[in-house]
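I have placed the structure first, in the form of structure tokens, so that the comments after it can refer back to it.
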Amino acid sequence: MADGRKIIATNRKASHTYFLEDRFEAGLVLTGTEIKAIRAGRVSLQQAYVQPRNDELWLVDAHIARYEYGNRINHEPTRPRKLLMHRRQINRLIDRVITRGYTIIPTLLYLKDGRAKVEIALARGKRKYDKREAMAKRDSERQMARAIRGRSREW
């Protein structure tokens, strides 16, 4: 939180499923009960993705739970939410999705200066063998760290 961000939700599964390349910050168009639910930490990005529609980017399937103290004007938990970015960035992202077959995935949702922001990443899907390689590498690093810790205790 050194840079003024309070992290609300992360999409940890995204780095396992995709190769994450470029990352961008985007604002969100929200209703009153949605921002209150976000501040309460009731958000999930696990199934979420970003979809281009009519030269705009939309966050789809992000689950923001209903606000507990909201009344009949409460929001729909999985409604599509418009992302706010510079036009040049939006055009570049849409171009990469259409021409090069990338996917746009939300990786992080946080509050910055009291406003909800989402970090999105251009992503390419991993094949099954890529996922196995990453898991094997992570396991070997964990074993090496464990062995180093074990030696330092013996001395």
Legend entry - Selection from region 1-35 of residues that are surrounded by 18 or more Cβ atoms within 10 Å (Cβ to Cβ) and among the charged types (D, E, K, R): GLU34
Inset, instruction - Might you check whether a residue that is farther than 16 Å from GLN46 by Cβ and of a type in the set (S, T, N, Q) occurs anywhere in region 79-97? - result: yes
Inset, instruction - Name every residue in region 42-80 that is under 17 Å from the mean Cα position of the chain (by Cα), surrounded by fewer than 17 Cβ atoms within 10 Å (Cβ to Cβ) and basic (Lys, Arg), in order of residue number. - result: ARG79
Legend entry - Every pair of residues 6+ apart whose Cβ atoms lie under 9 Å, when the first sits in region 72-84 and is within 17 Å of ALA26 (Cα to Cα) while the second is in a loop (DSSP other than H, G, I, E, B): PRO80/ASP61; PRO80/ALA62; ARG81/VAL29; ARG81/LEU30; ARG81/ALA62; LYS82/VAL29; LEU83/VAL29; LEU84/VAL29
Legend entry - The listed residue being at pLDDT below 90, within 23 Å of SER15 (Cα to Cα), surrounded by fewer than 16 Cβ atoms within 10 Å (Cβ to Cβ) and under 20 Å from the mean Cα position of the chain (by Cα), out of LYS131, LYS137, LYS126: LYS131
Legend entry - Among the candidates LEU108, LEU93, residue that is under 30 Å from LYS36 (Cα atoms), assigned to a strand (DSSP E or B) and at pLDDT 90 or above: LEU108
Inset, instruction - All but one of (1) farther than 24 Å from ARG5 by Cβ; (2) in contact (Cβ under 8 Å) with a residue 24 or more places away in the chain hold for LYS137, so report the exception by its number. - result: (2)
Inset, instruction - Inspect all residues belonging to region 72-88 and state whether any of them is out of contact with any Gly (no Cβ under 9 Å at 6 or more places or on another chain) and hydrophobic (A, V, I, L, M, F, W, C). - result: no
Inset, instruction - Within region 7-32, work out how many residues are more than 17 Å from LYS126 (Cα to Cα), out of contact with any helix residue (DSSP H, G or I) (no Cβ under 9 Å at 6 or more places or on another chain) and at pLDDT 90 or above. - result: 6
Legend entry - Residue tally, condition among the hydroxyl-bearing types (Ser, Thr, Tyr) and out of contact with any strand residue (DSSP E or B) (no Cβ under 6 Å at 6 or more places or on another chain), over region 87-112: 1
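The values are calculated or read from the model by the stated rules, or taken from the named source; none is laboratory data. The structure presented is a predicted model; accordingly, all values stated were derived computationally and were not measured. Glycine gets a Cβ as well: all are built from the backbone with ideal geometry, and neighbour counts include every protein chain shown.
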